[in-house]
Amino acid sequence: MRKKTTIINRALSPHLSIYNPQVTSLSSIWHRISGVLLLVIIVSFNIITKLGSFIIFYIPILYMGPRIILFIYLISLVLFLYHSFNGVRHIGWNFTYGFKPSSLYNSFYITCICVICIIISNLI
């Protein structure tokens with residue numbers, strides 16, 4: 001005889017519905033994403049130049065005009081600056097500096113303000 005099984009409707013992961021994202025977790029996620037994107041940019045640039053198709057790849061970009069070049073430059077700059085400044089934050093954490101909640105938030109805001117100021121100074 002078969003056993004009669006009852007199906008209980010439970011949430012698969014209830015912690016996701018009640019989770020509030022925190023500044024520290026979001027900055028850690030963005031730090032990893034920026035690192036991966038920087039790696040992709042650098043590796044793709046190296047592969048293109050090593051294959052000798054530098055001109056074939058960049059002539060269409062130059063043909064599109066200086067706006068696309070400025071856009072690529074700014075995206076790369078934002079990724080590099082955020083990853084660098086956030087890396088300095090992580091080095092501070094390795095030396096057990098800045099674990100108070102107020103200093104966690106302040107260091108994140110200082111990182112974002114520094115990135116924004118440098119980007120604005122490059123646009124002027």
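The values are calculated or read from the model by the stated rules, or taken from the named source; none is laboratory data. This one's a predicted model, so the numbers in the text were calculated from it and none came from an experiment. Backbone-built Cβ (ideal geometry, glycine too); neighbour counts: all protein chains shown. Ligands, DNA and RNA are stripped out before the accessible areas are found, and what is left, the full protein with its side chains, is counted by its heavy atoms. Shrake-Rupley method; radii C 1.70, N 1.55, O 1.52, S 1.80 Å.
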Task: Cut-off 14 Å between beta-carbons: net charge of the residues surrounding Leu26, Lys and Arg +1, Asp and Glu -1 - done: +2
Task: Full-extension gain in nm, Asn20 to Thr96, via 0.36 nm per residue minus C-alpha separation - done: 24.9 nm
- [ ] Give the accessible area for Ser25 in Å² (nearest 10); use a 1.4 Å probe, count only protein heavy atoms, and leave out ligands, DNA and RNA.
- [x] 30
